[in-house]
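Engineer: Input: one structure, supplied below.
The values are calculated or read from the model by the stated rules, or taken from the named source; none is laboratory data. From a predicted model like this one, the values you see are computed outputs, not experimental measurements. In this analysis, Cβ positions are derived from the backbone assuming ideal geometry, glycine residues included, and neighbour counts consider all displayed protein chains.
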Amino acid sequence: MSPRPFYPRNSRMTTVLTLGILSFILLGPFTGIPAVIIGQQELGHIKTGITDPDDKALIQTGIVLAIVGSITTTWWILTELLELL
């Protein structure tokens with residue numbers, strides 16, 4: 001059994017997932033946009049071998065939550081503003 005490869009830097013997977021969850025729950029684009037940006041950077045680092053590939057699924061989950069949360073929150077805010085007019 002060969003030893004597990006060493007990855008020179010820690011993944012920001014936890015950051016992406018946390019921001020994605022916050023975006024989905026409450027903060028919308030304020031945390032969703034940074035989650036997508038950081039997540040895309042981390043996926044690029046996985047392709048180049050800098051970040052552990054085991055983190056890919058959770059990074060993608062954070063990105064999806066961020067996108068859905070941003071769209072949902074923005075839609076909700078816009079519908080509420082339109083009701084006031």
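Engineer: Taking segment 38-52, which residues are exposed (fewer than 13 other Cβ atoms within 10 Å of the Cβ) and either in contact with a His (Cβ under 6 Å, 6 or more places away or on another chain) or more than 19 Å from residue 19 (Cα to Cα) (or both)?
Structural biologist: Scanning segment 38-52 gives 47, 48, 49.
Engineer: May I pose another question? Select from segment 30-85 the residues that are out of contact with any Leu (no Cβ under 8 Å at 6 or more places or on another chain) and among the polar types (S, T, N, Q) and write down the one among them that is nearest to residue 10 (Cα to Cα).
Structural biologist: Filtering segment 30-85 for residues that are out of contact with any Leu (no Cβ under 8 Å at 6 or more places or on another chain) and among the polar types (S, T, N, Q), the one nearest to residue 10 (Cα to Cα) comes out as 51.
Engineer: Follow-up question, since we're still on this one. In segment 49-59, is there at least one residue being without any contact (Cβ under 8 Å) to a residue 24 or more places away in the chain and over 25 Å from residue 3 (Cβ atoms)?
Structural biologist: There is no residue in segment 49-59 that is without any contact (Cβ under 8 Å) to a residue 24 or more places away in the chain and over 25 Å from residue 3 (Cβ atoms).
Engineer: Applying the selection to segment 65-85, what residues are among the hydroxyl-bearing types (Ser, Thr, Tyr) and touching a Gly at 6+ places or on another chain (Cβ under 8 Å)?
Structural biologist: 70, 72, 73, 74
Results for (1) assigned to a helix (DSSP H, G or I); (2) of a type outside the set (Gly, Ala, Ser); (3) on the phi > 0 side of the Ramachandran plot; (4) over 12 Å from the mean Cα position of the chain (by Cα), shown as yes or no for each residue.
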{"site": "11", "(1), (2), (3), (4)": "no, no, no, yes"}
{"site": "36", "(1), (2), (3), (4)": "yes, yes, no, no"}
{"site": "44", "(1), (2), (3), (4)": "yes, no, no, yes"}
{"site": "63", "(1), (2), (3), (4)": "yes, yes, no, no"}
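Engineer: Follow-up question, since we're still on this one. Of all residues being modelled with pLDDT of 90 or more and not hydroxyl-bearing (Ser, Thr, Tyr) in segment 1-28, which is nearest to residue 77 (Cα to Cα)? Just the residue, please.
Structural biologist: 22
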